[in-house]
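Have a look at the structure below before the remarks.
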Amino acid sequence: MTVVSSLPSELNARVQAVAGIDPELRAATKPQFGHFQSNVALRLAKSEGKLPREIAQRIVDSLDVADLCEPLEIAGPGFINFRLRNEVLAGAAEAVRTDPAAGIVQHGESQNVIIDYSSPNVAKQMHVGHLRTTIIGDCFNRVLTAVGNNVLPQNHIGDWGTQFGMLIEQILEEGTDVSALSLEDAEALYKRAASHFKDDEDFATRARQRVVTLQSGDEESLTIWRQLIETSKVGFNEAYARLNVLLTDDHLAGESIYNEMLPDVVADLEARGVAVVDDGALCIFTDGFEAPLIVRKRDGGYGYATTDMAAIRYRVNELKGDRLIYVTDARQAGHFAQVFAAARKAGYLLDNVVAQHIGYGMVLGSDNRPFKTRDGSAATLSSLLDAAEENAAPEIALAAIKYADLSSGLQKDYVFDPERMTKTTGDTGPYLQYAHARCNQILRTAEAENLTVGPITVVDEPQEQNLAMALSRFGEVVDQLAAELQPHKLCTYLFELATAFSVFYEHCPVLKSDGDTRTSRLGLVAATRDVLAKGLGLLGIAAPERM
Ligand code: ARG
């Protein structure tokens, strides 16, 4: 659905229109070959049985790109070389510099995008997986908002279910004051309750009974349940503040809010024959899945899938969602594929509503196994942040974590290496922050010396041209991210931009040049700073002025 197109994409599209196949424009290997090369003529020659140079000539003759390029050249066996005109490159960079959105385009038809992310569980600390969903979901939120959507985050916290039976029983037995518990304490209580449940048959029976009591609206049980949620919320919000993400209490939409809808959803599914009783359980059979989706267990209880069916109906009918995005551990991919199929069958997910599950891989330790803390326990989110902060100041440590999380394909596992990811060199978050701070440093000096910043008019040097080209691509990259939900492409882009900037700065004196050249180069610095700041912002990473 990409509609914003950068100079390279525009050129590629025009050549394709004439050549009939994707010309696969590549960055030229040497400046004397121009900016891009295409081997399209060589590929066509094979199928057409003609000489490549002949075909190249035919393409060049029928191609009208004079508004973008210098006269085209045919090189060697039949490569076509493209050199963008200087003023076109300068103009593209200048457009970015003078655009408050730095090239990001807001689409007219704003969609309601519902993003289900973070979604930790009550009375449990957020673990490493919740770190990923929170960071990734936050990035989607920022990007989809930036291109003009109405984003509705839904924090589907685990605040309902049979575990509350044992939690409440344990609390009553211990006489615990829940309001005085930290999330850590609550988790310790959870563990005590769980082993109690396992070892003590009487306790287990009382816990099961307590679930029924709670569900029938018993005030004492409800009070404790609410306190557990409150306590957990404080812990979650501490984590969100530390992560600097956009989630607030307004986005809480836990499993419990669907509880009262469940009987109705299930009755509806059964009445319309979407769900059928099979071996005592109420099931939805979906093509391509071995086992059916169970929406009512044999004992009459509802489960995780029932809640997700109700949530879809609610998100489409009440929240008017056009696009539903779920960010969880990749291991839930099967669950969501089946829930989506069942919801389509039920007509809860209409044809014009998009539903996407974005699964992410695991965070690994240096031993390539799931990341653990030093004492060997499963890592909590705060232990990860602590580890990164041993290597850098909080703002930089956070940049390091977020960038490491977003910069390789989401589906891949990645190794949590605090030392590597906090480095200010290489493909890291801190490196991008550093490049941004360097731009600011130059601009501060320019301001102190009363120098004019922009317009960008002169891009004679290849390094200036490269930087201008990189700047011109930002809007398209953001658009693509909104469509494809692959943050690593924005990371790669920002790294390329920072690299192009650093090469430019090495070769082209800025403050020591003069006249239009200096004005123009300062303009390039300002545009680079703006794109880096915006781009980091979309990743949820702070862009400090100084480092
Ligand atoms: N609470 C679940 C977990 O921690 C994630 C919930 C994801 N969202 C959903 N609608 N099922 O794994």
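Taking θ as phi - 60° and the Karplus parameters 6.51, -1.76 and 1.60, the scalar couplings of the stretch 325-333 work out to 10, 10, 10, 9, 2, 4, 5, 8, 4 Hz in sequence order, x denoting glycine and proline.
Taking amide hydrogens as placed 1.01 Å from N in the peptide plane, the amide H of D116 sits under 5 Å from those of Q154, I325, Y326, V327, each at least 5 positions away in sequence or on another chain. Compared with the dominant Cα axis of the chain, that is its longest principal axis, helix 219-243 is turned about 20°.
Applying 1/(1 + (r/R0)^6) with R0 = 22 Å to the Cβ-Cβ distance of A194 and L172 gives a FRET efficiency near 0.85.
The label point for T213 and the one for S179, both projected 7 Å from the Cα toward the Cβ, are 2.1 nm apart.
Name the shape class, rounded, prolate or oblate, that the alpha-carbon gyration tensor gives for the stretch 320-388, where a ≥ b ≥ c are the square roots of its eigenvalues, rounded holds for a/c under 1.5, and otherwise prolate holds if a/b is larger than b/c and oblate otherwise. Prolate, because a/c is 1.5 or more and a/b exceeds b/c. Centre-to-centre separation between the Cα atoms of the stretch 527-547 and those of the stretch 499-525: 19 Å. Under a 5 Å amide H cut-off, with hydrogens placed 1.01 Å from N, C69 pairs with R85 among residues at least 5 apart or on other chains. Separation of the stretch 101-115 and the stretch 337-394, taken as the distance between their Cα centroids, equals 25 angstrom.
Short-range pairs are left out: with C-alpha atoms under 8 Å and at least six residues apart, the relative contact order of the chain is 18 percent. Ellipsoid fit via the Cα gyration tensor, the stretch 161-232: semi-axes of 17, 15, 9 Å, each the root of five times an eigenvalue, largest first.
In terms of packing, defined here as the mean over residues of other Cβ atoms within 10 angstrom, the peptides 103-111, 37-45 line up highest first as 37-45, 103-111. Between the helical axis of 304-317 and the longest alpha-carbon principal axis of the chain there is an angle of about 60 degrees. Excluding residues on the same chain fewer than 8 positions from K412, give the aspartates and glutamates whose Cα lies under 15 Å from its Cα. The qualifying aspartates and glutamates are D329. By the Stokes-Einstein formula, at 1.306 mPa s and 10 °C, the stretch 429-539 with its Kirkwood radius over alpha-carbon pairs has D equal to 112 µm²/s. Based on Cα contacts under 8 Å between residues 6+ apart, the stretch 161-232 shows a relative contact order of 49 percent. Centroid-to-centroid, using Cα positions, the stretch 167-213 and the stretch 445-498 are 56 Å apart.
Backbone phi angles across the stretch 276-281, fed through the Karplus curve with coefficients 6.51, -1.76 and 1.60 (θ = phi - 60°), yield HN-Hα couplings of 10, 6, 9, 6, x, 9 Hz in residue order; Gly and Pro are listed as x. Averaged over residues, the count of other Cβ atoms within 10 Å places the peptides 312-320, 152-160, 114-122 in the sequence 114-122, 152-160, 312-320, highest first. Antiparallel DSSP bridges in the chain: what percent, to the nearest 5? Here the share of antiparallel DSSP bridges comes out near 45 percent.
Across the stretch 26-134, the relative contact order, built from alpha-carbon pairs under 8 Å that are at least six residues apart, equals 21 percent.
Distances between placed amide hydrogens fall under 5 Å for L364 paired with F371, Y414, V415, F416, all partners being 5 or more residues away or on another chain.
Helix 128-146 and the long axis of the chain differ in direction by around 50°, with both axes built from C-alpha atoms.
Working note: Karplus 6.51/-1.76/1.60 with θ = phi - 60° gives the stretch 340-355 the couplings 5, 4, 5, 5, 5, 4, 7, x, 6, 9, 7, 4, 8, 9, 8, 10 Hz, where Gly and Pro are set to x. Segment D375..N450, full-extension length gain: 21.3 nm, with 0.36 nm per residue of separation and the alpha-carbon distance subtracted. Full extension of the chain between T223 and E390 yields a length gain of 56.1 nm, computed as 0.36 nm times the residue separation minus the alpha carbon distance.
I'd like the per residue volume of the convex hull spanned by the Cα atoms of the chain, given in cubic angstrom.
Taking only Cα atoms, the chain has a hull volume of 191 Å³ per residue.
The convex hull of the Cα atoms of the stretch 7-84, projected and averaged over all directions, covers 4.5 nm².
Each reported figure results from applying straightforward, stated rules to the coordinates on display, with no laboratory input. All of these numbers come straight from a predicted model, not from anything done at the bench. Every residue, glycine among them, receives a Cβ derived from its backbone with ideal geometry; neighbour counts consider all protein chains shown.
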